[in-house]
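The values are calculated or read from the model by the stated rules, or taken from the named source; none is laboratory data. What you are looking at is a predicted structure, and each value in this text was computed from that prediction instead of being measured. When we count neighbours, we look across all protein chains shown, and the Cβ atoms used for this are built from the backbone with ideal geometry, even at glycine.
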Amino acid sequence: MKILFAADGSRYTKKALAFLVTHETLANPDAELIVLNIQPAVSPRVRAMAGAGMVYQWQKDEAMAVLDPIGTFLQRHKIRYKCSWAVGPAAAKIVQTAEKEKVHMIVMGTHGHGVVGRALLGSVSQRVLSDAGVPVLLVK
(Lines give C-alpha, C1' and ligand atoms only; values in the text may rest on other atoms or scores of the structure.)
Protein backbone atom coordinates (compact mmCIF):
# COMPACT_ATOMS: atom_id res chain seq x y z
CA MET A 1 0.00 0.00 0.00
CA LYS A 2 1.24 3.46 -0.89
CA ILE A 3 0.30 6.11 1.71
CA LEU A 4 0.69 9.87 1.68
CA PHE A 5 1.29 11.17 5.19
CA ALA A 6 0.65 14.92 5.43
CA ALA A 7 2.78 16.40 8.21
CA ASP A 8 2.58 19.93 9.55
CA GLY A 9 4.69 19.30 12.65
CA SER A 10 1.86 19.84 15.12
CA ARG A 11 0.95 17.53 17.98
CA TYR A 12 -1.79 16.22 15.68
CA THR A 13 0.87 15.12 13.22
CA LYS A 14 2.62 13.24 16.03
CA LYS A 15 -0.61 11.51 17.04
CA ALA A 16 -1.33 10.52 13.44
CA LEU A 17 2.22 9.20 13.01
CA ALA A 18 1.96 7.15 16.20
CA PHE A 19 -1.36 5.74 15.01
CA LEU A 20 0.13 4.88 11.64
CA VAL A 21 3.16 3.00 12.93
CA THR A 22 1.16 1.04 15.50
CA HIS A 23 -1.22 -0.35 12.89
CA GLU A 24 0.57 -3.06 10.97
CA THR A 25 -2.07 -3.14 8.27
CA LEU A 26 -1.00 0.41 7.34
CA ALA A 27 2.71 0.50 8.13
CA ASN A 28 4.18 -2.85 7.20
CA PRO A 29 7.30 -3.90 5.26
CA ASP A 30 5.38 -3.76 1.98
CA ALA A 31 4.02 -0.26 2.61
CA GLU A 32 5.50 2.80 0.97
CA LEU A 33 5.09 6.00 2.93
CA ILE A 34 5.41 9.45 1.37
CA VAL A 35 5.78 12.11 4.04
CA LEU A 36 4.75 15.54 2.78
CA ASN A 37 5.12 18.95 4.39
CA ILE A 38 3.55 22.05 2.88
CA GLN A 39 5.07 25.48 3.40
CA PRO A 40 3.05 28.65 2.94
CA ALA A 41 3.77 30.80 -0.07
CA VAL A 42 5.09 34.29 0.58
CA SER A 43 3.82 37.37 -1.18
CA PRO A 44 5.68 38.56 -4.27
CA ARG A 45 6.59 41.73 -2.39
CA VAL A 46 8.29 39.79 0.41
CA ARG A 47 10.00 37.53 -2.13
CA ALA A 48 11.35 40.59 -3.95
CA MET A 49 12.54 42.25 -0.75
CA ALA A 50 14.15 39.17 0.80
CA GLY A 51 15.27 37.53 -2.42
CA ALA A 52 14.01 34.30 -3.94
CA GLY A 53 17.02 32.34 -2.68
CA MET A 54 16.54 33.45 0.90
CA VAL A 55 12.81 32.67 0.82
CA TYR A 56 13.48 29.23 -0.68
CA GLN A 57 16.09 28.46 2.00
CA TRP A 58 13.76 29.59 4.78
CA GLN A 59 10.93 27.40 3.44
CA LYS A 60 13.28 24.45 3.06
CA ASP A 61 14.64 24.88 6.60
CA GLU A 62 11.10 25.04 8.00
CA ALA A 63 10.10 21.91 6.07
CA MET A 64 13.17 19.98 7.16
CA ALA A 65 12.52 20.92 10.80
CA VAL A 66 9.28 18.94 10.43
CA LEU A 67 10.51 16.15 8.14
CA ASP A 68 13.86 15.23 9.72
CA PRO A 69 12.46 14.05 13.09
CA ILE A 70 9.75 12.08 11.28
CA GLY A 71 12.39 10.42 9.11
CA THR A 72 14.41 9.47 12.18
CA PHE A 73 11.27 8.04 13.82
CA LEU A 74 10.35 6.02 10.74
CA GLN A 75 13.90 4.66 10.38
CA ARG A 76 13.75 3.43 13.98
CA HIS A 77 10.51 1.62 13.14
CA LYS A 78 11.99 0.21 9.91
CA ILE A 79 9.31 1.76 7.73
CA ARG A 80 10.14 2.54 4.12
CA TYR A 81 9.53 6.20 3.37
CA LYS A 82 10.50 9.23 1.37
CA CYS A 83 10.09 12.84 2.40
CA SER A 84 9.14 15.79 0.25
CA TRP A 85 7.88 19.30 0.66
CA ALA A 86 6.00 21.81 -1.43
CA VAL A 87 4.91 25.43 -1.29
CA GLY A 88 1.33 26.60 -1.68
CA PRO A 89 -2.18 26.02 -0.37
CA ALA A 90 -1.93 22.95 1.86
CA ALA A 91 -5.10 21.09 0.87
CA ALA A 92 -4.56 21.56 -2.86
CA LYS A 93 -0.91 20.47 -2.64
CA ILE A 94 -1.80 17.38 -0.61
CA VAL A 95 -4.44 16.32 -3.15
CA GLN A 96 -2.12 17.09 -6.10
CA THR A 97 0.69 15.05 -4.55
CA ALA A 98 -1.68 12.15 -3.84
CA GLU A 99 -2.72 12.13 -7.50
CA LYS A 100 0.82 12.50 -8.83
CA GLU A 101 2.22 9.75 -6.60
CA LYS A 102 -0.82 7.48 -7.18
CA VAL A 103 -1.25 6.77 -3.49
CA HIS A 104 -3.90 4.45 -2.11
CA MET A 105 -4.63 6.52 1.00
CA ILE A 106 -3.93 9.85 2.67
CA VAL A 107 -3.27 9.94 6.42
CA MET A 108 -3.18 13.16 8.37
CA GLY A 109 -3.83 14.58 11.80
CA THR A 110 -6.72 16.92 12.33
CA HIS A 111 -7.12 19.70 14.84
CA GLY A 112 -10.79 18.81 15.17
CA HIS A 113 -12.14 22.37 15.27
CA GLY A 114 -15.68 21.14 14.70
CA VAL A 115 -18.41 22.58 12.50
CA VAL A 116 -18.15 26.15 13.79
CA GLY A 117 -14.36 26.19 13.53
CA ARG A 118 -14.47 24.90 9.96
CA ALA A 119 -17.06 27.48 9.01
CA LEU A 120 -15.01 30.34 10.43
CA LEU A 121 -11.46 29.15 9.79
CA GLY A 122 -11.77 26.57 7.05
CA SER A 123 -10.07 23.24 7.46
CA VAL A 124 -7.26 21.68 5.49
CA SER A 125 -8.43 18.21 6.49
CA GLN A 126 -12.02 18.98 5.45
CA ARG A 127 -10.88 20.20 2.03
CA VAL A 128 -8.61 17.18 1.53
CA LEU A 129 -11.45 14.90 2.56
CA SER A 130 -13.81 16.42 0.01
CA ASP A 131 -11.30 16.82 -2.86
CA ALA A 132 -9.21 13.66 -2.64
CA GLY A 133 -9.93 10.77 -4.97
CA VAL A 134 -8.63 8.22 -2.45
CA PRO A 135 -9.61 7.33 1.12
CA VAL A 136 -8.50 9.83 3.77
CA LEU A 137 -7.77 8.73 7.32
CA LEU A 138 -8.02 11.60 9.80
CA VAL A 139 -6.50 11.06 13.23
CA LYS A 140 -7.67 13.33 16.02
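Listed values, structure above:
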quantity	calculated
Failed item, numbered, when SER125 is tested on (1) within 19 Å of THR13 (Cα to Cα); (2) within 16 Å of the chain's Cα centre (by Cα); (3) touching a residue at least 40 places away in the same chain (Cβ under 8 Å)	(3)
Pairs where the first residue, in the stretch 1-27, is free of Cβ contacts under 8 Å to residues at least 40 places away in the same chain and the second is of a type in the set (Val, Ile, Thr), C-beta under 9 Å, 6+ apart	ALA18/VAL139
Filter pass, ASP8 being part of a loop (DSSP other than H, G, I, E, B) and at pLDDT 90 or above	yes
Cross-chain or 6+ apart pairs with Cβ under 6 Å, the stretch 71-92 first and without any contact (Cβ under 8 Å) to a residue 40 or more places away in the chain, then of a type in the set (A, V, I, L, M, F, W, C) and surrounded by 15 or more Cβ atoms within 10 Å (Cβ to Cβ)	GLY71/CYS83
Members of the stretch 65-89 found to be assigned to a strand (DSSP E or B) and of a type outside the set (Lys, Arg), listed by number	TYR81, CYS83, SER84, TRP85, ALA86, VAL87
Per-region count, the stretch 35-64, residues in contact (Cβ under 8 Å) with a residue 12 or more places away in the chain, part of a helix (DSSP H, G or I), over 19 Å from MET108 (Cα atoms) and of a type in the set (A, V, I, L, M, F, W, C)	1
Residue tally, condition of a type in the set (Asp, Glu) and either modelled with pLDDT of 95 or more or more than 25 Å from LYS14 (Cα to Cα) (or both), over the stretch 27-84	3
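Residue-wise test of (1) over 18 Å from ILE3 (Cβ atoms); (2) buried (at least 18 other Cβ atoms within 10 Å of the Cβ).
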site: MET49; (1), (2): yes, no
site: GLU62; (1), (2): yes, no
site: ARG80; (1), (2): no, no
site: VAL103; (1), (2): no, yes
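Residue-wise test of (1) under 10 Å from the mean Cα position of the chain (by Cα); (2) more than 22 Å from VAL124 (Cα to Cα); (3) of a type outside the set (Phe, Trp, Tyr).
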| residue | (1), (2), (3) |
| --- | --- |
| GLN57 | no, yes, yes |
| GLY71 | no, yes, yes |
| LEU74 | no, yes, yes |
| LYS78 | no, yes, yes |
| TRP85 | yes, no, no |
| GLY88 | no, no, yes |
| GLN96 | no, no, yes |
| LYS102 | no, no, yes |
| ILE106 | yes, no, yes |
